[in-house]
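Please read through the structure below; I'll follow up with questions.
Just so you know, all these numbers are worked out from the coordinates, no wet-lab data involved. This structure is a prediction, so every number in the text was calculated from the model and none was measured. Ideal geometry is used to build each Cβ from the backbone, glycine not excepted, and the neighbour counts take in all protein chains shown.
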């Protein structure tokens, strides 16, 4: 699996498609501060519900959650 590149000076991932496990995403982006951790828990819950259908082929997360801002608005996903 291709590993994520380091974040740039603005705290953003470099342009491109970066693969990761959900655990890697939560570890890198969803620990602190509390608002970010809450959004990460929401992401884990949605993933769990979608995976339980047995029809999940891809789970793509995008949006403000992938930036270094302390208060991401949400996490946007495509399934």
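Mind listing whichever residues of the range 1-17 are surrounded by 14 or more Cβ atoms within 10 Å (Cβ to Cβ) and closer than 19 Å to residue 78 by Cβ?
4, 13
Only one of these is within 12 Å of the chain's Cα centre (by Cα), in a loop (DSSP other than H, G, I, E, B) and touching a residue at least 12 places away in the same chain (Cβ under 8 Å): 61, 10, 20. Name it. Give the steps one after another, and end with the answer.
Numbers: 61 fails: in a loop (DSSP other than H, G, I, E, B); 10 fails: within 12 Å of the chain's Cα centre (by Cα).
The conditions single out 20.
For the range 32-53, check the following and say yes or no: at least one residue is surrounded by 12 or more Cβ atoms within 10 Å (Cβ to Cβ) and assigned to a loop (DSSP other than H, G, I, E, B).
No, that holds for no residue.
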